[in-house]
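Down below is the structure, laid out as structure tokens.
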Amino acid sequence: MRTRAIATMAPLALLLAAILVAGHAHAEHLIVSVSNHRVTVTPNYSGEELVLFGSIERESDAPLPPAGYDLVVTVSGPPVDMVTRRKERWFGIWVNADSRQFLQVPAYLAAFANRPLDRIAAPDILRRQQLGLHNVLLTQRVGSDYADVVPSDPFRRAFIRLRSEHGLYRENTSAVTFLTPTLFRASIPLPAEVPTGTYTIDIKLLADGTLIAKTDTAFEIVKVGFEQFVATAARQHGMVYGVATALMALTAGWMASIVFRRD
């Protein structure tokens, strides 16, 4: 009887332990807000910096992690298709030797953290959670297949480098600041070349190299004024826009010929 009682209680003890572990794993919740959910682009737009504020809500009896919390913020812009080309010099002329198409990748991609990523989690966890520029999935057309490739792939590295040179891909491991053990802020710079569309902010909280909470928010970038009118006309009335543009070019050329005409 005693043996049977112990055998019956063992699964109950395991179940209770699992519930306690699960309860501890979800003891933290993230509450975030961004300083501006709608960025307007005007003719004199030269870039902007948004600020993400947030707090870590904890259960009253949940202890703080011994090494504190870590936070990784990933901002990704509207998906677009792009091509990266590799050039070679043939007979003194630079020509396109090969290319790789990137499918529905973020036009803007930024990863921000409170300290270097390799000190936050192990490489396999960084890859699994897509933390950092080199761990975000970038789908490519490789022959007849569609897949992401290893971070050391030359086309992938060249693609990230070219986007980074324009400020559209960036990684900053000191952009997240903890004001208190549970209050944080992060700066999100937006360059002048940033495209319009909807942007997602993905926030992941880690402790001791393990993901313990995550949330997300969003903002949008829109054009206003004359630029918005031109963009809308080009998108919705392509034929009329093309004819009007051609007439404006012809008119400008005719007027220039009159002004600079030599007698």
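The values are calculated or read from the model by the stated rules, or taken from the named source; none is laboratory data. Not measured: the values here are computed from a predicted model. Here the Cβ is made from the backbone with ideal geometry for all residues, glycine too, and neighbour counts use every protein chain on show. Accessible surface areas use protein heavy atoms only, side chains included; no ligands, DNA or RNA. Shrake-Rupley method; radii C 1.70, N 1.55, O 1.52, S 1.80 Å.
Quick notes on this one:
- The number of residues in segment 120-131 being touching a residue at least 40 places away in the same chain (Cβ under 8 Å) and open to solvent by 20 Å² or more (accessible area, probe 1.4 Å) comes to 4.
- Any strands (runs of 3 or more DSSP E) falling wholly within segment 35-86 and containing at least 2 residues that are of a type outside the set (Val, Ile, Thr) and open to solvent by 70 Å² or more (accessible area, probe 1.4 Å): 48-58
- Filter result for Pro191 (within 18 Å of Val32 (Cα to Cα), surrounded by fewer than 15 Cβ atoms within 10 Å (Cβ to Cβ) and at pLDDT below 95): no
- Among the residues of segment 132-180, just one is touching a Leu at 6+ places or on another chain (Cβ under 6 Å), touching a residue at least 60 places away in the same chain (Cβ under 8 Å) and either aromatic (Phe, Trp, Tyr) or over 18 Å from Asp202 (Cα atoms) (or both), namely Tyr169.
- From the options Ala113, Ala97, Ala62, Ala122, residue that is modelled with pLDDT under 95 and out of contact with any helix residue (DSSP H, G or I) (no Cβ under 8 Å at 6 or more places or on another chain): Ala97
- Answer residue from segment 97-156, given it is of a type in the set (S, T, N, Q) and within 16 Å of the chain's Cα centre (by Cα) and is farthest from Pro189 (Cα to Cα) among those: Thr139
- Residue tally, condition within 13 Å of the chain's Cα centre (by Cα) and either farther than 20 Å from Ala110 by Cα or surrounded by fewer than 14 Cβ atoms within 10 Å (Cβ to Cβ) (or both), over segment 202-219: 2
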